[in-house]
1. Looking at the structure I just gave you, is residue 78 in contact (Cβ under 8 Å) with a residue 12 or more places away in the chain, more than 26 Å from residue 149 (Cβ to Cβ), open to solvent by 10 Å² or more (accessible area, probe 1.4 Å) and among the hydrophobic types (A, V, I, L, M, F, W, C)?
2. Return a yes/no flag: does segment 135-149 have any residue that is buried (at least 19 other Cβ atoms within 10 Å of the Cβ) and touching an Asp or Glu at 6+ places or on another chain (Cβ under 9 Å).
3. Kindly indicate whether residue 90 is touching a residue at least 12 places away in the same chain (Cβ under 8 Å), outside any loop (DSSP other than H, G, I, E, B), more than 13 Å from residue 6 (Cβ to Cβ) and among the polar types (S, T, N, Q).
4. Just checking, which of 53, 117, 77 is touching a helix residue (DSSP H, G or I) at 6+ places or on another chain (Cβ under 7 Å) and aliphatic (A, V, I, L, M)?
5. Anything in segment 1-30 that is in a strand (DSSP E or B) and under 11 Å from the mean Cα position of the chain (by Cα)? List them, or say none.
6. Looking only at residues in segment 81-101 that are in contact with a strand residue (DSSP E or B) (Cβ under 9 Å, 6 or more places away or on another chain) and closer than 24 Å to residue 28 by Cα, which one is least open to solvent (accessible area, probe 1.4 Å)?
Amino acid sequence: MCNVGFEWNRSNLLVGGGWVVRNERGVVQCHSRRAFSNIHSLDEAKLVVILWALESMGSHRMTNIIVAGDFSELVGAVERPLAWPSFLHQVGEIELAMARIEGCRLRSVGNEANKGATFIAQSVTRQGLIRSYVQNGHPPWLFELFVNESRCL
């Protein structure tokens with residue numbers, strides 16, 4: 001599973017994105033953070049972050065992965081494109097990115113199920129940590145959160 005979080009700061013048009021990949025037992029394998037600038041809407045913020053996460057999963061040669069985040073409109077549009085005609089462009093981009101990953105599926109989850117990835121994303125907008133990176137395991141500063149989450153899985 002790849003949990004994806006984002007936070008958009010409307011005043012400075014900055015988006016923070018974070019993803020966390022876990023194995024089938026819920027143990028964090030790796031995570032990443034990225035900053036995106038000049039993002040003018042919440043919809044654009046969601047799209048750039050989900051596309052970045054999908055691109056990352058493809059680059060890391062992940063297969064049979066569920067990409068989960070607070071993207072209910074985008075997930076709905078991918079699952080039922082005729083019901084979401086205004087999202088056709090976004091659906092096309094997402095489907096193209098997903099086609100590069102064998103067994104990739106999207107899932108909409110709320111913030112409660114996505115805390116770690118969201119906290120990583122918030123480190124961009126709230127703490128100004130704009131350097132992008134990919135790292136094995138979980139971030140050291142979120143040790144307790146991820147250890148407690150893995151106990152509940």
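The values are calculated or read from the model by the stated rules, or taken from the named source; none is laboratory data. Quick caveat: nothing in here was measured; it's all calculated off a predicted structure. Neighbour counts run over all protein chains shown; Cβ positions are idealised from the backbone, glycine included. Areas reflect the complete protein model, heavy atoms only, side chains present, ligands, DNA and RNA absent. Shrake-Rupley method; radii C 1.70, N 1.55, O 1.52, S 1.80 Å.
1. Numbers: in contact (Cβ under 8 Å) with a residue 12 or more places away in the chain: yes; more than 26 Å from residue 149 (Cβ to Cβ): yes; open to solvent by 10 Å² or more (accessible area, probe 1.4 Å): yes; among the hydrophobic types (A, V, I, L, M, F, W, C): yes.
Taking the combined requirement at face value, the residue satisfies it.
2. The answer is no, given that none of the residues of segment 135-149 is buried (at least 19 other Cβ atoms within 10 Å of the Cβ) and touching an Asp or Glu at 6+ places or on another chain (Cβ under 9 Å).
3. Yes; evaluated as a whole, the condition is true for this residue.
4. On the way: 53 fails: touching a helix residue (DSSP H, G or I) at 6+ places or on another chain (Cβ under 7 Å); 117 fails: touching a helix residue (DSSP H, G or I) at 6+ places or on another chain (Cβ under 7 Å).
On inspection, the qualifying residue turns out to be 77.
5. First, the residues of segment 1-30 that are in a strand (DSSP E or B): 2-9, 14-22, 28-30.
2, 3, 4, 5, 6, 7, 16, 17, 18, 19, 20, 21, listed by residue number.
6. Of segment 81-101, the ones in contact with a strand residue (DSSP E or B) (Cβ under 9 Å, 6 or more places away or on another chain) are 94, 98, 101.
Imposing the further condition that a residue be closer than 24 Å to residue 28 by Cα reduces the set to 98, 101.
Details: 98: 33, 101: 7 Å².
Checked segment 81-101; the qualifying residue least open to solvent (accessible area, probe 1.4 Å) is 101.
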